[in-house]
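First up is the structure itself, then whatever we jot down about it.
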Amino acid sequence: MIITLDKKEFMEGVGSVSRFAERRTGTLPVLAGIAIIAGDDGIKLRATNLETGIDLKVNGKIQETGVVALPANTLREIAASFSGGGTITLEHAGETVVVSTGGARSTLKTLPFEDFPTLPLPEAPQAKFTLSGATLKSLVTSVMNYASTSSVRPELASVLLAAEGGSIKAVATDSFRLAEKKISLKATIPPFTMLIPAKNAADIMQTLPDEDIEIQVDDHQGAFFWSTGVLTTRLVSANYPDYTQIIPKSFIADATLLKKDFEAALKRTAIFSDSFLKVRLEFDASGKKVSLSAQNADVGDSSETVSGSVSGESVQLSFNHRYLSAPLSGLASDSITLSASGIGRAMVLRGSGDTSFLYLVMPMNQ
Amino acid sequence: MNRLDARELWEYVLTQVELSISPANFNTWFRDSSIVKIEDGIVYIGVPSQFFRDWYLKKFNMLLLKIIRSVSHEYRNIEYTIVKDDRRRQPKEPRRTPQQTTEMPLDEFYINKSDNLNPRYTFDNFVIGAFNELAHTAAQTAIKRPGVTYNPLFIYGETGRGKTHLIQAIGNQFKKLYPTRKVFYLTSEKFGTDYTDSLQAGTANRFKEKYRQFDLIIMDDVQFLSKKEKMQEELFHLFNAFHDNNKQVIFSSDRAPVAIPDIADRLRGRFASGMTVDIGEPDSESRMAIVRKKAAIHGVTLSDEVVEHIATSVAGSIRELEGVINSVVCHTQVKGVPPDLAEVRQSLRSFARPQKTVSVKHVVSKVAEFYGIDEESIYEKTRRREVVRPRQVIMYILREDFSVSYPTIGSKLGGRDHTTVIHSCEKVKREVIDDTELAKEIQDIRTLLV
């Protein structure tokens, strides 16, 4: 195999593909590699960690077709060290590949390509639809951080992507909080549900382009096709809990506050939170304010009020401050609405005027 | 075909596959797979995802077919199914709970650097019985008014009776009750090395400072200070400093202060000046309580008969008891269910002291060799002093260690009457308590016989 590529093309390709190579040690060595396939339909870079896999086309000249697998780490380091324009040539002979660019020549040991797994695609797709990459990314990235990190319940360690009627939504929860992002679509797409493991979702969303993407889903596998590549991922085949039940229907108190005020107050109060990261929130309807307080036996205590429009009953709730601050940075609106549904019951946080995103957090025991 | 057969078949398949592919390949592709069911000659292999199914079909199908056909021609074909996440979890589920307890022990090794205390030792998991009630009460009293009521508190008892647990629990409790005060736990051996180190480094003053900053000092195994005069002196001064400032000191030892050999009298007196309390042999109820509690700590509930069997059949210290419980816990974690009585009996065999069926002749020759006398003279009817004593020792050992009957001992040792044997055994038994020389001799002989 002899191929010549533009440096920039190579850099970008290796950058996105190496994300999908296996990073853990102790697995099959070839999984930590990138396969370079130069065939009749151009040059493709391929990597997989048996959870997700990618096949990415890169532009380049093929002088001689062939296949080879090279360690992803080394390739990434080489690619990262490039500066300026120019081309890079890879020449495969025997057990080595010679990488030459400008005056530099390096010889790389190859990995056994015959061990490189195939990328599975959905066999009998139950759903097949096209969505813009930008929409898909905004859906999934706004919730994926709230999925559970424990693998005890695989369904909670996943992001739910589902379409119904004219809208598509992404949901993630770790059973302490839940985030839902819902976007209505102009074109109708068939109803479907898919559970993408949250770990895979993060890598996939970083890689997908903004252009239109075709998504195919079957029971166990999901795939994303775009003009220059394919991404495939294992799906979790379990039932997602019926989360709509826990979203409160009625609220006893509402508060609308400026986001930056609340964020700053929370940040200061959090310094005094105890080992459980507890921060107390008090809705004061008569005083038109929400007060935040925290105390720590070793540090001291602090309390602060944020004024805004507050209605309903006066109620006190305690939260893990990390769970309160997490969604704030992702909200585009200037003000936020906190809606409490009662003591010991969930509180809902939304950006004012933004109905697409809902964040629900459970309070701590008082 | 039942499920067990499917599992056995898969295990066989794995052993065969392992031989024909590289370990990395084997670990990557076969770790999470299993045979789900066997139906109508079709073997259904469950794999975690489509990555696996595709690869199995491409690479391993022929190999697997060959292997299962070699087992039986009944198996016609292999199908690969992707196992649902919730179904895959199920076989692991019963194991998961005990597995969490395997995670826990990581904490057990965690020792707080600033005070050397092991947080695992608390009063909560300390089993109280008639044998250690007094020691426990003394500890509780001491902690209520540290430095005043019992200073020093001296706890002694044989190895494995829970001395360390008790004194560390005092330390941990003290820490909880008085967060601002400082505790330090150390063994006398550590004290010794610290002392010599500081002498070598020429920082003896810093050594004194270091210890005097604490409010409670707990020193384990002080008997090791015997014959170390300089260290005894240092401890004596340290103790005085503590005592004068009403700071609590706690000692433990494997014997009473008076019985610690080669220790300065002034220190011996100090040891005994506060409260001296011993921990005796645990009675059978306490042993059962201990077994139950230790197993419960590991999240394992044992049936009453198993608990009773362990408590009665494991002679010796609580430490040995703990060893047996650990093996039972391990068993539970591996198999998923607590062992029943038969299984416990089986595994206890490896813990039981080897059943010593040693010939009388062997004992006689060893003892004769030890005392440097002629073996034949033991059997003779002589009453020479140098022969009588070894003969009595032989009888005592045969009786105590090997449970040989009195008449048998008599007849084997030159046809003596069984009453003679009883007399000899009783005599040695009496003497061994006071005569440390004799006790040591018998101890040495025992090591020769093992």
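Restricting attention to chain B, close to 15% of DSSP beta bridges with both partner residues there are antiparallel.
With a/c under 1.5 counting as rounded, go ahead and sort the protein assembly as shown into rounded, prolate or oblate using the C-alpha gyration tensor (a ≥ b ≥ c being the square roots of the eigenvalues; past the cut-off, prolate if a/b is larger than b/c, else oblate). It would help to have the intermediate numbers written out before the result.
Numbers: a/c = 2.39, a/b = 1.61, b/c = 1.48.
Note, shape of the protein assembly as shown comes out prolate.
Just tell me which aspartates and glutamates come within less than 20 Å, Cα to Cα, of A:K186; anything on the same chain fewer than 8 places away is out. Partners within reach: A:E164, A:D210, A:E211, A:D212, A:E214, A:D354.
Tell me, in nm to one decimal, what length is gained between B:E426 and B:Y178 on full extension, where the rule is 0.36 nm per residue of separation less the Cα-Cα distance?
Working: separation 248, 0.36 × 248 = 89.28 nm, distance 5.28 nm.
Computed gain between B:E426 and B:Y178 is 84.0 nm.
With a Förster radius of 56 Å applied to the C-beta separation of A:N365 and B:E320, the computed FRET efficiency comes to 0.85.
What per residue convex hull volume, in Å³, comes out for the stretch A:2-115 when only alpha-carbon positions are used?
Values: hull volume 10.9 nm³, N = 114.
Residue-normalised Cα hull volume stands at 95 Å³.
Label separation (B:S72 vs B:R212): 8.3 nm, computed from points 7 Å beyond Cα along the C-beta direction.
Suppose R0 equals 30 Å; then what is the FRET efficiency for A:T25 and A:S227 from their Cβ-Cβ distance, rounded to the nearest 0.05?
Values: r = 35 Å, r/R0 = 1.16.
Rounded to the nearest 0.05, the efficiency is 0.30.
Scan the stretch A:252-346 for chymotrypsin sites (Phe, Trp or Tyr not before Pro) in coil per DSSP, keeping those whose Cβ has at most 14 other Cβ atoms within 10 Å, and list them by number. Write down the numbers at each step before the final one.
Values: sites: A:F262, A:F272, A:F276, A:F283, A:F319, A:Y323; in loops: A:F272, A:F276.
When the chymotrypsin sites (Phe, Trp or Tyr not before Pro) of the stretch A:252-346 are filtered for loop state and at most 14 Cβ neighbours within 10 Å, A:F276 remain.
Need one word for the stretch A:248-361: rounded, prolate or oblate. Basis is the Cα gyration tensor (sqrt eigenvalues a ≥ b ≥ c); a/c below 1.5 gives rounded, then a/b vs b/c decides. It comes out prolate by the Cα gyration axes. Size estimate for chain A follows the Kirkwood approach: the inverse of mean 1/r over distinct Cα pairs works out to 23.1 Å.
Within 10 Å of the Cβ of each residue in B:22-29, the mean number of Cβ atoms contributed by other protein chains is 5. Pairs from the list B:K228/B:K429; B:K227/B:K440; A:K278/B:K144; B:K176/B:K230; A:K137/B:K58 with a Cα-Cα gap above 23 Å: B:K228/B:K429; A:K278/B:K144; B:K176/B:K230; A:K137/B:K58. A simple spin-label model places the labels of A:Q316 and B:E158 5.9 nm from each other, with each point 7 Å out along Cα-to-Cβ.
Beyond a 22 Å Cα-Cα separation, which of these cross-linked pairs lie in this structure: B:K361/B:K381; A:K57/A:K199; B:K163/B:K208; B:K381/B:K427? From the list (B:K361/B:K381; A:K57/A:K199; B:K163/B:K208; B:K381/B:K427), the Cα-Cα distance tops 22 Å for A:K57/A:K199; B:K163/B:K208. How would you classify the stretch B:179-230 from its alpha-carbon gyration tensor, with a ≥ b ≥ c the square roots of the eigenvalues: rounded for a/c under 1.5, else prolate if a/b is greater than b/c, otherwise oblate? Note, shape of the stretch B:179-230 comes out oblate. Mean partner shielding of peptide B:48-59, defined as the number of other chain Cβ atoms within 10 Å of each residue Cβ, is 6.
Take the Cα of B:S365, go 7 Å toward its beta carbon, and the backbone nitrogen atoms of the stretch B:401-417 under 18 Å from that spot belong to B:412-414. Each peptide in A:233-239, B:428-434 gets a packing score, the mean of other Cβ atoms within 10 Å over its residues, and the list from highest to lowest is A:233-239, B:428-434.
If r is the Cβ-Cβ distance from A:D219 to B:E343 and R0 is 35 Å, what FRET efficiency results, to the nearest 0.05?
Numbers: r = 42 Å, r/R0 = 1.20.
Given R0 = 35 Å and the Cβ-Cβ separation, E is 0.25.
Normalising by the residue count of chain A, find the relative contact order in percent from Cα pairs under 8 Å and 6+ residues apart. This gives 13 percent for chain A.
What are the residues whose amide H is under 5 Å from the amide H of B:N151, where those residues sit 5 or more places off or on another chain and H is modelled from the backbone? The answer is B:M275. Approximating the spin labels as points 7 Å out from Cα along Cα→Cβ, the A:Q245-to-A:T96 distance works out to 6.5 nm. Whole-percent P(r), the stretch B:197-349, all Cα pairs, 5 Å bins from 0: 2, 8, 15, 14, 11, 8, 8, 10, 10, 9, 5, 1, 0. Net length available on complete extension from B:H418 to B:E189 is 77.6 nm, with 0.36 nm assigned per residue and the Cα-Cα distance removed.
Quick note: the coordinates plus some simple rules give every number you see, no bench work behind them. Since we're looking at a predicted model, the values are computed, not measured. Positions of Cβ are generated from backbone atoms using ideal geometry, with glycine treated the same way; all protein chains shown enter the neighbour counts.
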